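**Q** The following block contains the structure, expressed as structure tokens.
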There are 4 protein chains.
Amino acid sequence: MKKIPVSILGATGMVGQRFVLLLDQHPWFQVVALTGSDRSIGRTYGEACRWVLADPMPEYARTMVVQATEPDAESALAFSALPADLAREAEPRYARAGKGICSNASAYRQEPDVPILIPDVNPDHTRLIDAQRKIRGWKGFIVTNPNCTSTGLTMALRPILDAFGIQRAIVVSMQAISGAGYPGVASLDILDNVIPNIGGGEEEKVESEPRKMLGSLSDGKIEPAPFQMSAHTNRVAVSDGHTVCVSLELGKRAAPEEIRKALEGYEFPEAVRGLPSLPEKFIEVRGEQDRPQPRKDRNAGGGMTAVVGRIRPDPVWDIKFVVLSHNTIRGAAGGALLNAELLVAQKYIDR
Amino acid sequence: MKKIPVSILGATGMVGQRFVLLLDQHPWFQVVALTGSDRSIGRTYGEACRWVLADPMPEYARTMVVQATEPDAESALAFSALPADLAREAEPRYARAGKGICSNASAYRQEPDVPILIPDVNPDHTRLIDAQRKIRGWKGFIVTNPNCTSTGLTMALRPILDAFGIQRAIVVSMQAISGAGYPGVASLDILDNVIPNIGGGEEEKVESEPRKMLGSLSDGKIEPAPFQMSAHTNRVAVSDGHTVCVSLELGKRAAPEEIRKALEGYEFPEAVRGLPSLPEKFIEVRGEQDRPQPRKDRNAGGGMTAVVGRIRPDPVWDIKFVVLSHNTIRGAAGGALLNAELLVAQKYIDR
Amino acid sequence: MKKIPVSILGATGMVGQRFVLLLDQHPWFQVVALTGSDRSIGRTYGEACRWVLADPMPEYARTMVVQATEPDAESALAFSALPADLAREAEPRYARAGKGICSNASAYRQEPDVPILIPDVNPDHTRLIDAQRKIRGWKGFIVTNPNCTSTGLTMALRPILDAFGIQRAIVVSMQAISGAGYPGVASLDILDNVIPNIGGGEEEKVESEPRKMLGSLSDGKIEPAPFQMSAHTNRVAVSDGHTVCVSLELGKRAAPEEIRKALEGYEFPEAVRGLPSLPEKFIEVRGEQDRPQPRKDRNAGGGMTAVVGRIRPDPVWDIKFVVLSHNTIRGAAGGALLNAELLVAQKYIDR
Amino acid sequence: MKKIPVSILGATGMVGQRFVLLLDQHPWFQVVALTGSDRSIGRTYGEACRWVLADPMPEYARTMVVQATEPDAESALAFSALPADLAREAEPRYARAGKGICSNASAYRQEPDVPILIPDVNPDHTRLIDAQRKIRGWKGFIVTNPNCTSTGLTMALRPILDAFGIQRAIVVSMQAISGAGYPGVASLDILDNVIPNIGGGEEEKVESEPRKMLGSLSDGKIEPAPFQMSAHTNRVAVSDGHTVCVSLELGKRAAPEEIRKALEGYEFPEAVRGLPSLPEKFIEVRGEQDRPQPRKDRNAGGGMTAVVGRIRPDPVWDIKFVVLSHNTIRGAAGGALLNAELLVAQKYIDR
């Protein structure tokens, strides 16, 4: 089978590098274009990119020449790791030119006709693409993956919402420095320190994105899930892996053991079975009193599985627990890649 | 004026070292005895103690000989930095021998006749000593300071409770490694990591101690403040300074600006004015979007002032904010020292 | 082919855990016994072991029952992760019982009849086993791998010594916390800090072990390589990966480019070719001005390749450079495993 | 006595902030001008400056309006915290306008007529100012303080050179992140990592500056001290405090105890006695096997004392030891301030 040609927009940044890495020898996709800023255009990726990941730069990328962020003839699909302001301007050009965009940027996430997708959580939301094409007159489309903190959180909420309902949630994150990109957080700001704010409207994102993803789609519109959410977002001295403490008021009471069963028993939707990047487990539940931990649990399922622990009664509401997920894999490039695989399976992208 | 002779129980541990440091040239107190474990007894403090603080060991302590933890003839007052199990057994011996105990241990905090004190929060709770003496037949007494995380949190809650009432609270801590003593947290456990649990019943302490301190005393009994509290406690890679994210449902609505005014306008109770260790400010409120931070704010007021920031509306309840306090100064030895000063001022200790 | 039954002595500690991990599905070896201290004996490994590695505990080990450190009937070979004092006493019992010991402990490294081995550096030193058996009357034997800091350093020195000779060396290490085992280094000692000493005679080991390994064996005796060595050893806040700065006075002058060629051109000795744990590259030379770095380079060759960078002229002597190697893989369990594979290939262990 | 009006050039950067802090209530100097980049000019310092130090911004500075970096009428003296490229261009304008410049920048350090000063090491080198004025026709002058790593190192070498002579030195630094300014080192580059290079010619500076400072001045020329020096410079995850491992070949043999005596017995030159920023001790020698450490020793003498430890024989040469000094106090702003005080005492600046 011939592979689907894809491009990576904003390939030299940190999330772009993750795309480059995850697409190395992907069974369905072949990278044919890497785009970058003026500083990088015309240079090889090996020269233009200050590689910051621990795994080495894949060979295929090293000699590719970085291009301007303009739709190329070949790609059927573009992965966007652009900053929000550039994404806002560039992504529609690609959609207009008939490309499917799997964007990690926040630029279009809150548009009513743009889905935020976690394939194993809300695969049906891709149908919003039909409304989007009608409204905007695009041959292509834009879909997004959520903010990195919303990702693991929404994964944990999905089975609980389904089984018990959710009335209210208060969540507090402890986020890794890689979430800020490179160079991102200055070392003087985080060594022996906590920064009790993330900037860029992070708390608002965490308060709205999960509700949109957990909402229901009908008549080309998404009705957000009707629970209330409050978020505190913090930066801590961790390289990768966002930890979130969650307190929930449920629709109906549930013991910790029931919550555990709901999480472990969650079945992958039919739509995602067999996707190459789907992990074996959606959620891993740990029974130890001191897990999940970023250093020990972020690589569960190759960084695609969320890890939940410390499920216990909440003296104010019903239940509390901790959820951890890998912010630059499931929470960014890996999430967008799974989105692309879903879109191929659903034939929004021709293979 | 002659200084009051005091002893430090468990002087070689981390909190014990803070006592040794804070009591150096104290205007009211003079250290006459340092106690330690069998391993240390008979050796000089300079030899027996692996000093871990950044400030150097005070000269007065270096040549003192470490004694067994038995009431000495001279001390009027003992500061206890004992672990809970040893405190449970040793502190009553001192109280029986007529000594006042200012204990940092958790052993007796939940006894109904033992007050947990923050002098500028609940100075009237010292009256519980009278009931305690009657019940136990002691000439001395035991008072305690709260758990390090409860301390700054309770300071922030006091003015809010007074002005607006509190119905429910969900709090999430990010706690410094010094809270676990020395050697305490293994470096392999915390480098590039978060541990989402503290152990030792930390969450239960945080859920109960603030309510006891903010409760009302009558007829020799404390009625805890009638709000609900849920706590998540986490360890992060910070040397000193506990950060707590707080969400509150109030008795009556209040805008962030009103909360700020209540915190900044809090007046020290009459009973504590003029105490040597009282900081200039009870609470410092910061207006920046990224404060308080442990490295920048823990030393406010010499480590005795709590710092509050990011006061903003909570979309689920009423208000949310962040509070930071120095866990081994205000949250441990400094808190116990202020307790002792209050007890002198209130004549529970003769000078 | 039937696998060779092996045991792991001191299996619950940090190096023991690495053995457990590296021996999972090893093509030649099958773990049949795990030994531990009194506290662990009789419990399953899953219960007895506080697992600290980021990779999960292999399934095979979880249900094995921890035994006393006494020679079992089945094992042909024992990997020793014992502390030096226990190793001194236990390892000879195994050797007497006919077992081959591949020891990570320092207890016997300096004995004249015990080889320190890096198979791709000095495979011929296994012949010292013959002398050892004669002297001690053992059917089995003890071989050791070097101290973790000596390992990468000696790998880098081997090709340089061969090509240009070495007169004098001054080396300064920046060592990872995992080198101290678990719990090992207290977090309060290393956060925002450097400890300019390792303890346990680390500097003496680094000053002597490389010279022994690079020495020549004749008449059942090793003549250490005749260069002088001075070491400074430091602990830094790194989880895995020891970095060593090296300044050398050579036997004959060599340009940086010649050193690079010698390092990259080093050919694996015939004796080690085809060993399962041998990495593709002995040494990887990096040309960037800021490499090697622990976080980016420690996993080169699965942690079995040493990485050298910053080869440049030394204004005092001839050449200086930086070498990095993974301290708990090549520098401990992985090194011992490669030793065992060599011993099988050389028929010191029957398969 | 009226205070001497001074300005701080590049006041908003990290070293500039240290100047602002150290000059708060200085007995001799009064800050009358703060300069900054276009982005800052015209705004108050409180607004323009992202304050990164743990101590709060002094009140005097908060409301001062940041000016362009042009000689003002009032200042007699300017402290320069400019980056090297701006310093190269701006500092001569000040010198021409009659101002004395105490520069922390490297721009002019290697000029033969510009002294690098550590007042308690080479106070006589200020006489180079006379040659400088003659050659350049300036009424003012430029003096510099050394690179932060050279500072503590040179302090340790001075007494040893005087007492025993030095033939050769190999030094390896482990440098704090604050040495790179703010934002400086990205957190992703240093968390769980070491960077084995500093950039900006750091090693060359460390190899030349100590020799210039320890050289002799005659006929308006400095003859560098005739020993050889090789440096490896590394960045580690430490906030403040540069640690340097030093191996020395001496002119004549000396036991560790003699070295200790030479270091502790060093007498402040007559010229510096009574300077306000002079610490009580030039060098503090620690006898513990694990000191000096950045977190515990960087604040010795208010950050102005160098701390030496682990003095021991070097098996290759004669002696080895570790020296630590505070890189942004003695190694930058504090050093420049002491230079200014010396220049006042020597009447190069009128009071």
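The values are calculated or read from the model by the stated rules, or taken from the named source; none is laboratory data. Being a predicted model, the structure only gives us computed values, none of them experimental. Here Cβ is always computed from backbone atoms with ideal geometry, including for glycine, and neighbour counts include all displayed protein chains.
**Q** Taking the range B:280-292 as the region of interest, how many residues are among the basic types (Lys, Arg) and either outside any loop (DSSP other than H, G, I, E, B) or away from every other protein chain (no Cβ under 14 Å) (or both)? It would help to see each step written out before you state the result.
**A** First, the residues of the range B:280-292 that are among the basic types (Lys, Arg): B:281, B:286, B:291.
With either outside any loop (DSSP other than H, G, I, E, B) or away from every other protein chain (no Cβ under 14 Å) (or both) added as a condition, the list becomes B:286.
Of the residues in that region, 1 qualify.
**Q** Only one of B:Ala180, B:Ala156, B:Ala186, B:Ala176 is among the small types (Gly, Ala, Ser), within 21 Å of B:Leu53 (Cα to Cα), buried (at least 24 other Cβ atoms within 10 Å of the Cβ) and in the same structural domain as B:Val308 (by TED's automatic domain parsing). Can you tell me which?
**A** B:Ala176
Here's the yes/no breakdown for (1) of a type in the set (Gly, Ala, Ser); (2) in the same structural domain as A:Ala105 (by TED's automatic domain parsing); (3) exposed (fewer than 15 other Cβ atoms within 10 Å of the Cβ):
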site: A:Gly13; (1), (2), (3): yes, yes, no
site: A:Leu21; (1), (2), (3): no, yes, no
site: A:His26; (1), (2), (3): no, yes, no
site: A:Arg39; (1), (2), (3): no, yes, yes
site: A:Thr63; (1), (2), (3): no, yes, yes
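To keep it simple, each residue is scored yes or no on (1) closer than 30 Å to D:Gly303 by Cβ; (2) crowded, with 17+ Cβ neighbours inside 10 Å.
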site: B:Gly16; (1), (2): yes, yes
site: B:Val31; (1), (2): yes, yes
site: B:Met57; (1), (2): yes, no
site: B:Thr69; (1), (2): no, yes
site: B:Ile101; (1), (2): no, yes
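**Q** Follow-up question, since we're still on this one. Any residue that is β-branched (Val, Ile, Thr) and under 26 Å from D:Arg168 (Cβ atoms) - is there at least one of those in the range C:291-305?
**A** no
**Q** Quick check on my filter: what residues within the range D:258-291 are closer than 13 Å to D:Val308 by Cα and without any contact (Cβ under 8 Å) to a residue 40 or more places away in the chain?
**A** D:Lys261, D:Glu264, D:Lys281, D:Glu284, D:Val285, D:Arg286, D:Gly287, D:Glu288, D:Gln289, D:Asp290, D:Arg291
**Q** Just wondering, is there one or more residues in the range B:238-248 that are among the acidic types (Asp, Glu) and more than 14 Å from chain C (Cβ to nearest Cβ)?
**A** no
**Q** While we're on this one: So which of C:Pro115, C:Pro119 ends up being buried (at least 21 other Cβ atoms within 10 Å of the Cβ), out of contact with any strand residue (DSSP E or B) (no Cβ under 7 Å at 6 or more places or on another chain) and either among the acidic types (Asp, Glu) or touching a residue at least 60 places away in the same chain (Cβ under 8 Å) (or both)?
**A** Result of the check over C:Pro115, C:Pro119: C:Pro119.
**Q** When you check A:Arg133 against the structure, is it under 24 Å from A:Lys99 (Cα atoms), of a type in the set (D, E, K, R) and touching a residue at least 12 places away in the same chain (Cβ under 8 Å), yes or no? Quick ask: steps written out before the conclusion?
**A** Numbers: under 24 Å from A:Lys99 (Cα atoms): yes; of a type in the set (D, E, K, R): yes; touching a residue at least 12 places away in the same chain (Cβ under 8 Å): no.
In short, no.
**Q** Does the range C:296-319 include one or more residues that are of a type in the set (Asp, Glu) and within 22 Å of C:Pro146 (Cβ to Cβ)? Outline the logic, then answer.
**A** Taking the range C:296-319 as the starting set, the residues that turn out to be of a type in the set (Asp, Glu) are C:297, C:314, C:318.
From what is left, the residues that are within 22 Å of C:Pro146 (Cβ to Cβ) are C:297.
Within the range C:296-319, one or more residues are of a type in the set (Asp, Glu) and within 22 Å of C:Pro146 (Cβ to Cβ).
**Q** Are any residues in the range D:260-298 exposed (fewer than 15 other Cβ atoms within 10 Å of the Cβ) and of a type in the set (Lys, Arg), and if so, which ones?
**A** Correct list: D:Arg273 only.
**Q** So B:Arg158 fits all but one of (1) outside any loop (DSSP other than H, G, I, E, B); (2) within 14 Å of chain C (Cβ to nearest Cβ); (3) of a type outside the set (Phe, Trp, Tyr); what number is the exception?
**A** Result: B:Arg158 fails condition (2) only.
**Q** For A:Gly152, all conditions in the list (1) assigned to a helix (DSSP H, G or I); (2) within 11 Å of another protein chain (Cβ to nearest Cβ) hold save one; what is the number of the exception?
**A** Unmet for A:Gly152, out of (1) assigned to a helix (DSSP H, G or I); (2) within 11 Å of another protein chain (Cβ to nearest Cβ): (2).
**Q** Same structure, new question: Identify the single condition in (1) in contact with an Asp or Glu (Cβ under 9 Å, 6 or more places away or on another chain); (2) away from chain C (no Cβ under 14 Å); (3) on the phi < 0 side of the Ramachandran plot that B:Ser187 does not satisfy, given that it satisfies every other one.
**A** All conditions pass for B:Ser187, except number (2).
**Q** Please pick out the residue among D:Ala332, D:Ala345, D:Ala336 that is closer than 28 Å to D:Ile177 by Cβ, touching a residue at least 60 places away in the same chain (Cβ under 8 Å) and touching a Gly at 6+ places or on another chain (Cβ under 9 Å).
**A** Details: D:Ala345 fails: closer than 28 Å to D:Ile177 by Cβ; D:Ala336 fails: touching a Gly at 6+ places or on another chain (Cβ under 9 Å).
Within the list D:Ala332, D:Ala345, D:Ala336, the selection yields D:Ala332.
**Q** State the number of residues belonging to the range A:295-338 that are under 17 Å from the mean Cα position of the chain (by Cα) and over 23 Å from A:Lys261 (Cβ atoms).
**A** The qualifying residues number 16.
**Q** Right, another one. Restricting to the range B:300-328, give me the number of residues that are without any contact (Cβ under 8 Å) to a residue 40 or more places away in the chain, in a loop (DSSP other than H, G, I, E, B) and either surrounded by 20 or more Cβ atoms within 10 Å (Cβ to Cβ) or more than 7 Å from every other protein chain (Cβ to nearest Cβ) (or both).
**A** Count: 2.
**Q** Take the conditions at pLDDT 95 or above and assigned by TED's automatic domain parsing to the domain that holds D:Ala76 and apply them to D:Val32. Does it pass?
**A** Working: at pLDDT 95 or above: yes; assigned by TED's automatic domain parsing to the domain that holds D:Ala76: yes.
For D:Val32, the condition - at pLDDT 95 or above and assigned by TED's automatic domain parsing to the domain that holds D:Ala76 - is met.
**Q** While we're on this one: So how many residues does the range D:209-245 have that are hydroxyl-bearing (Ser, Thr, Tyr) and buried (at least 24 other Cβ atoms within 10 Å of the Cβ)?
**A** 2
**Q** Continuing with this model, one more query. On the basis of being touching a Pro at 6+ places or on another chain (Cβ under 6 Å) and surrounded by 15 or more Cβ atoms within 10 Å (Cβ to Cβ), does B:Ala48 make the cut?
**A** On the way: touching a Pro at 6+ places or on another chain (Cβ under 6 Å): no; surrounded by 15 or more Cβ atoms within 10 Å (Cβ to Cβ): yes.
No: the conditions fail for B:Ala48.
**Q** Here are some residues: C:Gly265, C:Gly335, C:Gly302, C:Gly331. Which one is farther than 24 Å from C:Gly16 by Cβ and of a type in the set (Gly, Ala, Ser)?
**A** Only one candidate passes the filter, namely C:Gly265.
**Q** Shifting gears a bit: Quick check on my filter: what residues within the range B:83-99 are part of a loop (DSSP other than H, G, I, E, B) and surrounded by 14 or more Cβ atoms within 10 Å (Cβ to Cβ)? Working first, answer last.
**A** Quick first cut of the range B:83-99, residues part of a loop (DSSP other than H, G, I, E, B) only: B:83, B:97-99.
Within the range B:83-99, B:Pro83, B:Ala97, B:Lys99 qualify.
**Q** Being over 18 Å from the mean Cα position of the chain (by Cα) and either farther than 22 Å from A:Val322 by Cα or not assigned by TED's automatic domain parsing to the domain that holds A:Ala225 (or both) narrows it down to one residue among A:Asp162, A:Asp192; which is it?
**A** From the options A:Asp162, A:Asp192, the qualifying one is A:Asp192.
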